[in-house]
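Okay, so here's the structure we're looking at.
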Amino acid sequence: MPFWLGTLYSFSMTSETLPKIDYAVATRGLTKTYGHDSTRVEALRSVDVAFARSKFTAIMGPSGSGKSTLMHCLAGLDSADGGEIIIGGKNLLSLNDDQLTEMRREQIGFVFQSFNLVPTINAQENILLPLSLAGKKHDEAWFDTVIKALGLRDRLNHKPHELSGGQQQRVAVARALLTRPEVVFGDEPTGNLDSRTGAEVLSLMRSSTREMGQTIIMVTHDPVAASYADTVLLMKDGSIVGTIEEPTVATVSEALASLAE
């Protein structure tokens, strides 16, 4: 039996009860299907999972395993067909469009591969954008804490094209952290960065869980990126098939090789 099988108990749950851990995000019976008849694909097959608060979790699996679909559903970027997604005590699948928009703006942070910064405004304005759109003021003390932690003090007046890729991703991380969301989702957040810059960003994401108590869920195909996480959740054919605690490049690579067989 592969070493990573049988360890799912740390995150799994039954459909009747939530886990006895302090969780930030949980699902019950989550399903998602694409296509019809001969083209029908079960992207998520009744997924029950909970993500511990203030932890960094990576989701991995072969192409078509459902990892991106799971994250997009958890983040409210895609709609599931059935089940529940609980964030901040609310079921995303029961929210209307306005409520879901408010949830994404106030309780969910995003860090994407393409940075998604507005090119016509500077770094500080990009960081403050979600709060500005909501008509809310930022907590200056928390803003200073985030900016200091990410080393952005001398880059706040620069527009995105004046920043390196790593600096742009730091701005994206700061924007995600500023609202103190329940969870930050990362979709291949270092995919456009060189290895050194990617390592810096991943270290910052990891430190944000340990020093700021932030919950981070990241989808990645890279065992090196996954090794920065506290836990790696493994998927195959729309189901969760195991986890790796305290992952290393070697243990993640071995597990992915086994899944591909």
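The values are calculated or read from the model by the stated rules, or taken from the named source; none is laboratory data. Please read these numbers as outputs of a predicted model, since none were measured by experiment. Cβ atoms come from the backbone with ideal geometry, glycine included; neighbour counts cover every protein chain shown.
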* Looking only at region 13-65, which residues are of a type in the set (A, V, I, L, M, F, W, C), under 28 Å from GLY213 (Cα atoms) and at pLDDT below 90? -> MET13, LEU18, ILE21
* Mind checking whether some residue in region 214-221 is at pLDDT below 95, surrounded by fewer than 18 Cβ atoms within 10 Å (Cβ to Cβ) and over 25 Å from ALA80 (Cα atoms)? -> no
* Of the numbered conditions (1) over 24 Å from ALA172 (Cα atoms); (2) within 14 Å of the chain's Cα centre (by Cα); (3) not β-branched (Val, Ile, Thr), ASN96 satisfies every one except a single condition; which is it? -> (2)
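Is it the case, given these coordinates, that ILE86 is over 23 Å from ALA260 (Cβ atoms) and of a type outside the set (Ser, Thr, Tyr)?
Values: over 23 Å from ALA260 (Cβ atoms): yes; of a type outside the set (Ser, Thr, Tyr): yes.
Yes; evaluated as a whole, the condition is true for this residue.
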* Lone qualifier among SER65, SER54, SER79 - being of a type in the set (Gly, Ala, Ser), crowded, with 17+ Cβ neighbours inside 10 Å, under 18 Å from the mean Cα position of the chain (by Cα) and in a loop (DSSP other than H, G, I, E, B) -> SER65
* Asked: Hey, does region 90-98 have a residue that's without any contact (Cβ under 8 Å) to a residue 12 or more places away in the chain and touching a strand residue (DSSP E or B) at 6+ places or on another chain (Cβ under 9 Å)?
  -> yes
* Structure fact -> Restricting attention to region 48-98, the residues that are touching a Leu at 6+ places or on another chain (Cβ under 7 Å) and over 19 Å from SER239 (Cβ atoms) number exactly 2
* Out of all the residues in region 218-261, which are out of contact with any Phe, Trp or Tyr (no Cβ under 7 Å at 6 or more places or on another chain) and among the acidic types (Asp, Glu)? -> ASP222, ASP237, GLU245, GLU246, GLU254, GLU261
* Asked: Here is a list of conditions, (1) in a strand (DSSP E or B); (2) at pLDDT 95 or above, and LEU70 meets all of them except one; can you say which number that is?
  -> (1)
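Might you check whether a residue that is among the β-branched types (Val, Ile, Thr) and closer than 21 Å to GLY89 by Cβ occurs anywhere in region 58-73?
Filtering region 58-73 down to residues among the β-branched types (Val, Ile, Thr) leaves 59, 69.
Next cut, closer than 21 Å to GLY89 by Cβ only: none.
Looking through region 58-73, none of the residues is among the β-branched types (Val, Ile, Thr) and closer than 21 Å to GLY89 by Cβ.
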* To do: Would you be able to say whether some residue in region 225-236 is out of contact with any Leu (no Cβ under 6 Å at 6 or more places or on another chain), surrounded by fewer than 17 Cβ atoms within 10 Å (Cβ to Cβ) and either closer than 21 Å to ASP22 by Cβ or not basic (Lys, Arg) (or both)?
  => no
